[in-house]
Amino acid sequence: MIAPVLIVFGCLCLMYCIWWLWTVVIYHLLFSPIQQLPGPESDGFFATQLRNIMEPEISPMFHDEWVSKYGKTFRVYGFGKFDPRILSLDPLAMSHVLNYPNIYPKPWQSRSLISELIGNGLFSAEGLPHRRQRKVLNPAFSNQNLQALAPIFTSKAIQICRTWTDILGHADEVCVDVSHWMSRATFDVIGLAGFDYEFNALEGESNPVYVAYREMFQVGLDEGFTARSILEVYLPFLKSFWPDQRTKTIKRSHEIIYGIGRELLKRKKQEVDTAPASPQGPKDLLTLMIRSNLSSGITKDQRISDREMLDEINSFFFAGSDSTSLALSWALYLLAVNPDTQERLRKELTSLDDDVALGEIDALPFLDKVCKEELRLIPPVHSSLRVAEREDVLPLSSPVTLRNGSTVTQLRVPKGTCVHVPVEGFNLLTEVWGPDAHRFNPDRWDDLPPAARAQPGLYSNIMTFSAGPRACIGVRFSIIEMKIFLFHLIRSFEFVSRERIIKHNVVLTRPFVRGRRKSQLPLIIRRVS
Ligand code: HEM
Ligand SMILES: *[C@@H]1O[C@H](CO)[C@@H](O)[C@H](O)[C@H]1NC(C)=O
Ligand SMILES: *[C@@H]1O[C@H](CO)[C@@H](O)[C@H](O)[C@H]1NC(C)=O
């Protein structure tokens, strides 16, 4: 009686394995049209070419070299020869990928790793839930509202200047880990701007909610994706039956974060219920999202739940704190190694008064060019990834000659193909930006080459904030934050770099001192005389 059942079950398993081998390995290895694309030769069956396109110390050179050899759309191998991926620096192709997130969503594996940390907020949602959330969240990021958040940026920028002045004391100069300080400051900013909560991380790093977030991102991200965490993506039940340290830390952090989150949400909802919207009222993103969720422009089925609302705040911490702090850190680094530019910027900034309005800071032309150039040259998000969820045809503006000799202006993309989103690649391509593309030159923004003006990108033809419906919602937020911080920091201090700093991509592009393990950016600061 048992035997036939086992045989049927065995056959089903076998069929599943064959189907899996076929769709995931054999098809992509032998029959995928992507194998027909030109591209760098592989060094072995399991050899990966991801390092060449994802490590910022070498990727700009490889992008240039491969584009000149193979054209703007070519094939690279992900985890081996059975994983041919599309890398395209063709503006038409990339706009298509980024404008159709339903065909090209983020890979479910990375979404699952991320939603384990921050839930299913805007950053990790897809499809309808994503569109729904984006609609409720957009008004909170309106230009007008960001004006209202400016005093938070200013007060934190002034606080960091005071703290550094104290650290300097009577000394002529002192060395500070700029990226660590910027990270504390941007956390404080999102705490206040996000849900009106003061971590006071600039004063000390002991607030339990702050510690919970830090620990969660530490084990969840900075330590990289361990073999165990990748195994859990495929076998999620491991987490409940046999939790490891990582799972336990995330759980503990969640208890603290969602605990305080629920309290704050309750309080904010009461505030919204009792006080009508007024120009003097609170302007934090949580309040605005609650109002937006209640507004008449949002239909009943578009409203978002309490849990989702807390996940949005988590998404902001995840997507908005380290990215902005790294942009600021790299800006200070670039100014430190380009002292003439730093002096020129300082001249422009000191032409204004201390308590100047945001509009005036925003309109400073050289500050604007410095920010753009930093965001172009060292984008915090080095690159991203999409996967074709169904078969598609990718349009190309520059035709590609396939290995069999035929030239095509569109490319058949089979289901399951990974498409690399080369953020830094678009920003640095010599063919587009000119021979000095890899150099820091804010004045290039006075006269961009026509090819650069035709690039996709939400912000100034650079891909730093991505493009399309999944582009960064916090773009204005972070640019205003950067400008206000640079305004106060560069007026108060002179920055000098004495260490050899290198870039390394650990989820984001982070600074390292050559030979040391921990990400850091030690810079010398001096009082401006
Ligand atoms: C310099 C700073 C920043 C950079 C370079 C940056 C960059 C990006 C990029 C490249 C994406 C797309 C990610 C992908 O497709 O894989 C993104 C998405 C996102 N960013 Fe930012 N970001 C910054 C600051 C912020 C801030 C300050 C916030 C919020 C307060 C924020 C919130 C988000 C959210 C919620 C998403 C997901 C949007 C969606 O999928 O609809 N970001 N960001
Ligand atoms: C080359 O390959 C492409 C895609 O696989 C195919 O459409 C085309 O017909 C082939 N051309 C020749 C000349 O075999
Ligand atoms: C959004 O609105 C719905 C319907 O009014 C309500 O049930 C829900 O609690 C609201 N969500 C938040 C986070 O305010």
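Any read-out appearing in this document is the output of simple, stated calculations on the displayed coordinates, not a laboratory observation. If you're wondering where the values come from, they're calculated on a predicted model, not measured in any experiment. Cβ atoms come from the backbone with ideal geometry, glycine included; neighbour counts cover every protein chain shown.
A few comments on the model shown:
- Trypsin sites (Lys or Arg not before Pro) within the stretch 439-528: DSSP coil, no more than 14 neighbouring Cβ in 10 Å: Arg439, Arg498, Arg500, Arg514, Arg516, Arg517, Lys518
- Peptides 149-156, 276-283 ranked from most to least packed give 149-156, 276-283, packing being the mean of other C-beta atoms within 10 angstrom over each peptide's residues.
- Shape of the chain, Cα gyration tensor, a/c cut at 1.5: oblate
- When each of the peptides 383-390, 12-19 is scored by the mean number of other C-beta atoms lying within 10 Å of its residues, the order from highest to lowest reads 383-390, 12-19.
- Test item: Cα-centred dipole of the stretch 210-274, Lys/Arg +1 and Asp/Glu -1 on Cβ, debye: 180 debye
- Maximal additional length on extending the Asp166-Ala471 stretch stands at 105.8 nm, based on 0.36 nm per residue less the C-alpha distance.
- Between the stretch 95-116 and the stretch 369-418, the Cα center-to-center distance that results, in Å: 14 Å
- Selection from Val432, Leu14, Gly261 lying farthest towards where the dipole of the chain points positive, charges on Cβ: Leu14
- Sequence ranges 92-103, 362-373, ranked by mean other-Cβ count within 10 angstrom, highest first: 92-103, 362-373
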